[in-house]
Amino acid sequence: MNKCKQQTVPAILKILAYLLGAEIKDHRFEIPEKYGRGYCAGFVFNEHIRMIISNYELNGDIPVENPETDPCKRIIFFKFQNIFPKTGTLQPVPQSEGMPSVLIATSRINTNEIISIHTNTATINIEVDADYLKGLFDLSGKSPVLESLQQNTQPLLFEQLIYPSLQKIVDEIVTEKVGEVFELFFLRIKAEELICRLLMELEKREEKHLYALNSQDIQTICRIKKQIIKSLEVPPVINDLAVSAGMSPTKLKRIFKQIFGNSIFNYYQEFRMQEAARLLKEEKLSVSDVGYRLGFTNLSHFSRIFRKHTGMKPKQYSRT
């Protein structure tokens, strides 16, 4: 590997490969069988943006300190999860927890807790300099969410569900075969396209005031999210969730909506309809079986809700 090529490989990738006794070739190395399975790849596109693709299982955790972490830099992190093709995903994930999504965090968040690259993982992580984005477009006074991301002065975390057009870009990053001459150029364009489309989605959020988050709040809200989507046939009860979270109902609703961009019930309903779509399309269940499995006693009501979320009636969707 020549010197120029080495400069485009993240230092964290080199360290992990060294600890595992693996050889990096074309920005990628395979996990040796004695340590686990899968692969890890990394790309430094320029001084402002880098990407790590991880799809592996390790037999045991290997702590790795990122030598390139600079607390003075204002970095925005994007962690794409549950986005690998099913045939390429090593770790089975419960369907309700396996919806494609991306976590977006400022560098004021302890990213070692939420954006880890050294435990068993199947993710794509992109880091971009906030000042670099600020130089591309001016968001002052237009979007409190995006303006706060660019300022990067407080701990913030957002989660955005991934819709099909975003998933298509991710699939191209993972599966598209590009020659060595164009690889970095191609992947940088795709990474920036993902970031642009995600920022366009975040701009639609209506939050006028954002609250700084701490690790405990984030862990609590993520636990509540899992609790909500674990049993999609049971609608969430705010007061019960608030007791479980150790928060007031007002604080719970406020932080949940800030992170996930939706109210607790609407978020639950979105997951519910995505699961309904999966059951109809992949498991070929009947409309009535899907409706009853997801807690609907009135199939006409189920059909109306499904059409509102997908644009089609359940029976029509199952035939597409």
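The values are calculated or read from the model by the stated rules, or taken from the named source; none is laboratory data. These numbers were taken from a predicted model, which means no experiment stands behind them. Cβ sites come from the backbone with ideal geometry, for glycine too, and all protein chains shown count toward neighbours. These area figures cover heavy atoms from the full protein model, side chains too; ligands, DNA and RNA do not enter into them. Shrake-Rupley method; radii C 1.70, N 1.55, O 1.52, S 1.80 Å.
Annotations
- Note: relative contact order over the range 122-250, using C-alpha pairs below 8 Å and six or more positions apart, is 27 percent.
- Highest-MSF residue in the chain out of Glu193, Glu33, Glu57 [GNM, Cα springs under 10 Å]: Glu33
- Computed with every protein chain present, the accessible area of Phe265 is close to 90 Å² [probe 1.4 Å].
- Residues Tyr163, Tyr292, ordered by accessible area of protein heavy atoms at a 1.4 angstrom probe radius and largest first, appear as Tyr292, Tyr163.
- Accessible-area rank, largest first, for Thr297, Thr153: Thr297, Thr153, with all protein chains present and a 1.4 angstrom probe.
- Spacing of the two label points (7 Å from each Cα toward its C-beta) at Ser263 and Glu176, in nm: 4.0 nm
- Here is the size of the range 260-305 from its Cα atoms: Rg then Dmax, 10.9, 32 Å.
- Within the assembled protein chains, the solvent-accessible surface assigned to Ser263 is about 40 Å², based on a 1.4 Å probe.
- Rolling a 1.4 angstrom probe over the range 141-242 with all protein chains present gives an accessible area of which 53% lies on carbon and sulfur atoms.
- Length added when fully stretched, Asn59-Lys142, from 0.36 nm per residue minus Cα-Cα: 25.2 nm
- Taken one residue at a time, the phi angles of the range 246-261 give Karplus couplings (6.51, -1.76, 1.60, θ = phi - 60°) of x, 10, 6, x, 5, 5, 4, 5, 5, 5, 4, 5, 5, 6, 9, x Hz. Gly and Pro are set to x.
- Of Lys177/Lys208; Lys134/Lys281; Lys208/Lys308, those spanning more than 31 Å from alpha-carbon to alpha-carbon: Lys177/Lys208; Lys134/Lys281
- With eigenvalues of the C-alpha gyration tensor scaled by 5 and rooted, the chain, Å: 34, 25, 19
- Of the residues Phe77, Phe185, the one with the largest accessible area comes first in the ranking Phe185, Phe77, computed with a 1.4 Å probe on protein heavy atoms.
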